[in-house]
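A.B. asks: Mind looking over this structure? Questions follow.
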């Protein structure tokens with residue numbers, strides 16, 4: 001018994017212990033597709049999961065007292081190599097996060113805008129401007145929940161590819177953010193999957209941090 005405890009502590013010390021999936025929302029491990037909208041896409045309210053979230057998180061504040069020092073970035077957007085913006089489709093906490101093109105997601109407003117929280121050890125969290133929640137690993141996908149700097153499912157490690165795209169690996173699950181190269185629907189599926197290794201095809205795990213995608217007015221107007 002002592003040997004098993006020692007091995008577990010050693011794994012934690014070296015940061016290689018993985019989080020085991022806990023379905024505390026009761027939605028299963030696979031992302032549920034967003035509500036069907038033929039055109040004029042807009043945010044929906046979504047299912048109320050507040051009771052289940054309270055049991056899991058209680059009254060957790062944005063960043064717990066005693067949390068490590070951090071830096072908060074300006075507004076950014078996260079774009080996949082195939083043109084999908086990481087965005088909420090429901091403002092309800094605990095909802096799945098998906099991808100939409102910049103044009104199709106115009107009606108989502110700040111739901112497709114994020115801020116990057118960078119910690120002293122180089123890990124980051126992604127805080128959504130519309131909900132104030134953070135991106136979290138959940139089963140085979142990602143959701144947005146109240147920010148907690150001590151929750152490893154909300155912490156991510158960034159690695160640069162040679163073309164300066166980034167790989168986004170979840171610290172808790174030790175898996176990477178992925179969207180299939182071919183889009184079969186209006187939205188982009190967003191999954192967590194095994195991280196690609198050197199020499200393997202990696203286009204589906206390439207992401208770019210870009211300026212915030214917002215509506216702008218023309219610089220010049222001609223009457």
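The values are calculated or read from the model by the stated rules, or taken from the named source; none is laboratory data. Since this is a predicted model, take the numbers as computed values, not measurements. Here the Cβ is made from the backbone with ideal geometry for all residues, glycine too, and neighbour counts use every protein chain on show.
A.B. asks: Just checking, does the range 151-174 include any residue being surrounded by 19 or more Cβ atoms within 10 Å (Cβ to Cβ), at pLDDT below 95, within 12 Å of the chain's Cα centre (by Cα) and at negative phi?
C.D. replies: no
A.B. asks: Could you tell me whether the range 158-166 includes any residue that is under 19 Å from residue 210 (Cβ atoms), touching a residue at least 60 places away in the same chain (Cβ under 8 Å) and touching a helix residue (DSSP H, G or I) at 6+ places or on another chain (Cβ under 9 Å)?
C.D. replies: Looking for residues that are under 19 Å from residue 210 (Cβ atoms), touching a residue at least 60 places away in the same chain (Cβ under 8 Å) and touching a helix residue (DSSP H, G or I) at 6+ places or on another chain (Cβ under 9 Å), one finds at least one in the range 158-166, hence yes.
A.B. asks: Only one residue in 111, 136 is surrounded by 21 or more Cβ atoms within 10 Å (Cβ to Cβ) and free of Cβ contacts under 8 Å to residues at least 24 places away in the same chain, so which one is that?
C.D. replies: 136
A.B. asks: For the range 20-38, indicate whether the set of residues that are modelled with pLDDT of 80 or more and over 24 Å from residue 169 (Cα atoms) is non-empty. Reasoning before the result, please.
C.D. replies: Just the residues of the range 20-38 that are modelled with pLDDT of 80 or more, to begin with: 20-32.
Among the residues that remain, those that are also over 24 Å from residue 169 (Cα atoms) are: 26.
Looking through the range 20-38, at least one residue is modelled with pLDDT of 80 or more and over 24 Å from residue 169 (Cα atoms).
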